[in-house]
Amino acid sequence: MKGGATAFGLRFSPILNGHHAAAPPLSSGRVLVLNQSYEPILICSVKKALLLLFLNKAELVESRNGAVIRSVRAAYPFPSVIRLHAYIHLPYKKVELSRRNILRRDGFACQYCGTRSAPLTIDHVIPRSRGGNDTWENLVTACIPCNNRKGNRTPEEAGMRLRSVPRKPNHIVFLRNFMGTIEQEWRPYLFGE
Ligand SMILES: [Zn+2]
């Protein structure tokens, strides 16, 4: 990596600390941020994490494979997980009820047959014509064949079973599902492993 990031007037360039573990470039590295309670709350850039560490707003919990970031005066572990010193009361942003978010919650899989390949629609578990509402609990992802087969019936009437109980997702579910690649060091905080 050429150059490096600059923060606080210091120039950082990730280098290897003995071993041949690759230090990810600062620009692409991602850091898991834990609340004071150790609850994962968001993902931030390495630069932002360094800022929080330098400002003493957070502490380093896990670093990446012995990689270090070296400044003129010192070397710092490459952050992978940090924990905020203060507890942040999150307004627990409501996950918006939308077609896209129903699909995301359901992992883009039909909740009746499990397919991910057929075109997907949104099914009212209790049909709208029968008093079913637009709620997280009553909307599920269904492929077109399953939706057609079910028609204007409840799953019981159609002899179809939902693969999981539809629930309102919280932000942690979305964090887990949508953070993309999960760094090894994050797993204990995300999955309790
Ligand atoms: Zn289906």
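Here is how the numbers come out for the structure above:
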read-out: Tally, over the range 67-114, of residues that are polar (S, T, N, Q) and within 16 Å of the ligand (Cβ to nearest atom); value: 1
read-out: Residues satisfying the stated conditions in the range 137-181, i.e. at pLDDT below 95, under 18 Å from Ser98 (Cα atoms) and surrounded by 11 or more Cβ atoms within 10 Å (Cβ to Cβ); value: Pro166, Lys168, Pro169, Asn170, His171, Ile172, Val173, Phe174, Leu175, Asn177
read-out: Strands (runs of 3 or more DSSP E) contained in the range 53-125 and holding at least 1 residues farther than 30 Å from Thr141 by Cβ and in contact (Cβ under 8 Å) with a residue 12 or more places away in the chain; value: 58-70, 75-84
read-out: Condition met for Ser45 (crowded, with 18+ Cβ neighbours inside 10 Å and more than 16 Å from the ligand (Cβ to nearest atom)); value: no
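The values are calculated or read from the model by the stated rules, or taken from the named source; none is laboratory data. It should be emphasised that the depicted structure is a prediction, and the values quoted were computed from it without experimental measurement. As a convention, Cβ positions derive from the backbone with ideal geometry for all residues, glycine included, and neighbour counts pool all protein chains shown.
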